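Okay, so here's the structure we're looking at.
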Amino acid sequence: MPHDMKPRAHAGIAAAAVWLPANRQSCEAAVREGELTRRAADDLGHATLPVAEDVSAPDMAVRAGESALGRGGVRAEDVTSLYHAYMHYQGHDLWPVAHYIAHGLGASDAVPVGIQQICNGGTTAVELAFSRLAQDEDPGFAVVTTADRFVPPAFDRWTSDYGVAYGDVGTSAVLTTDPAHPCPLLLRSVCTTAAPHLEGMHRGVAPFSPAPVHHATPVDMRRTKRVYLRANGVKAFDDANTAAIERVVTEALKDTGLTPDDSRLRAVVLPRFGARLLRESWAPVLSGATSAPLCDWGRETGHVGAGDAIAGLAELLDRRLLSAGDFAFILSAGAGFTWSCLAVEGTGTHV
């Protein structure tokens, strides 16, 4: 059964931003060097991926946060909470990365919170941020950041996973419950469903290890998925994935009062997965649930860890797709498994 969060108070998205490193690795180079087969490269559908050679994941988050605050016209000192979501290692052990980001932004009065909800972390952070803001006596501001850096020796961005390639990207969104603050988007609903029995797809059968990257270097999600799927079958996962996508979209339609063919639903933004995975496992389900255009905006970035949904918000704003009263659904999913749909409405304001 899906769980939905419909904000009772004003839930404005003042801005969203993406920070990309200057360096990129080409898919062709990965094929030439034997890192990737030609077939796998074609299935992924990325010409290049962003690579942060000399910028840490937390610093990418700070840079994205600075951009989002600037776009939203919000002062860092007015932020009351900061949520940093991440998938992969953040550069230090036993270290409060969210506090580092809050300090780097100058958000000295913010309560920092770290979220490791794997690839669905950005959406989870948005939901938690608005839930916290709604409890405050006065309207306030929250910042969500995400950032992951998928570099050797611990990670191979092209081959650590099936059907997904990973890009180094920082993202951020500025959220507010202040109705007087101009916002280009309003959050209307967050719909989430989970299938906890699928956590084994990222655990396998190896015993619990005493330290990170103990079982395999680099991280090998293919290994754990092979073990799980051999034992439980591919169909069981495919059925769960299909049902979950249908649930969150159906619930989002209900929450927003839209019909599947409503022209006000201008975009359904896909997770930033590989082209074949989206084409075979996501597009058919979504096309059956709604007639809205499906937006695959991950060709230039790859999957950005916890940040797919926030990157989708940023690109939605950059493309100015929504007029006042138009809607978009932004989908995300993460290991565990958890699936979510952010439903946002345009206000006619642009930042």
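Each Cα pair under 8 Å and six or more residues apart adds its separation to the average, and for the chain the resulting relative contact order is 26 percent. Across segment 151-165, coupling constants 3J(HN,Hα) worked out from phi with the 6.51/-1.76/1.60 Karplus curve, θ = phi - 60°, read 10, x, x, 7, 8, 10, 4, 8, 10, 6, 9, 8, x, 9, 10 Hz, and Gly and Pro carry x.
Using a simple spin-label model with pseudo-atoms 7 Å out from Cα toward Cβ, His3 and Ala22 lie 4.4 nm apart.
Among 43-52, 314-323, what's the highest-first ranking by average C-beta atoms within 10 angstrom per residue?
Details: 43-52: 20.4, 314-323: 17.4.
Top to bottom by mean Cβ count within 10 Å: 43-52, 314-323.
Charged neighbours of Asp138, selected by a Cβ distance under 12 Å, balance to -4 (K, R count +1; D, E count -1). Coupling constants for segment 287-298 follow from the phi torsions by the Karplus curve (6.51 cos²θ - 1.76 cosθ + 1.60, θ = phi - 60°), and in residue order they are 5, x, 9, 7, 8, 5, x, 8, 10, 9, 9, x Hz; glycine and proline get x.
Here Lys254 is the anchor, and the lysines within straight C-alpha reach of less than 17 Å, apart from those fewer than 8 places off in the same chain, are Lys6. A Förster radius of 51 Å combined with the Cβ-Cβ distance from Glu199 to Glu137 puts the calculated FRET efficiency at roughly 0.85.
For the pair segment 292-351 and segment 140-209, the centres of their Cα atoms are 13 angstrom apart.
Between Val285 and Ser263, the contour length at 0.36 nm per residue exceeds the Cα-Cα span by 6.0 nm.
Estimated from helical segments only, the mean residue ellipticity of the chain at 222 nm is -9500 deg cm²/dmol, where each DSSP H run of four or more residues counts as -39500 (n - 2.57).
Beta carbons within 10 angstrom, averaged per residue: use that to sort the peptides 203-213, 88-98, 111-121, highest first.
Details: 203-213: 10.5, 88-98: 15.4, 111-121: 21.4.
Sorting 203-213, 88-98, 111-121 by mean packing, highest first, produces 111-121, 88-98, 203-213.
Where the centroid of each part is defined by its Cα atoms, how far is segment 210-245 from segment 48-67 in Å? Between the Cα centres of segment 210-245 and segment 48-67 lies a distance of 28 Å.
Under 16 Å of direct C-alpha separation, and excluding same-chain neighbours fewer than eight residues apart, Lys235 reaches these lysines: Lys225.
Laboratory data are not the source of any read-out in this text; all were calculated from the coordinates shown. On a predicted model such as this, the values are computed, not experimentally measured, just so you know. For neighbour counting, all protein chains shown are included, and Cβ atoms are generated from backbone atoms with ideal geometry for every residue, glycine included.
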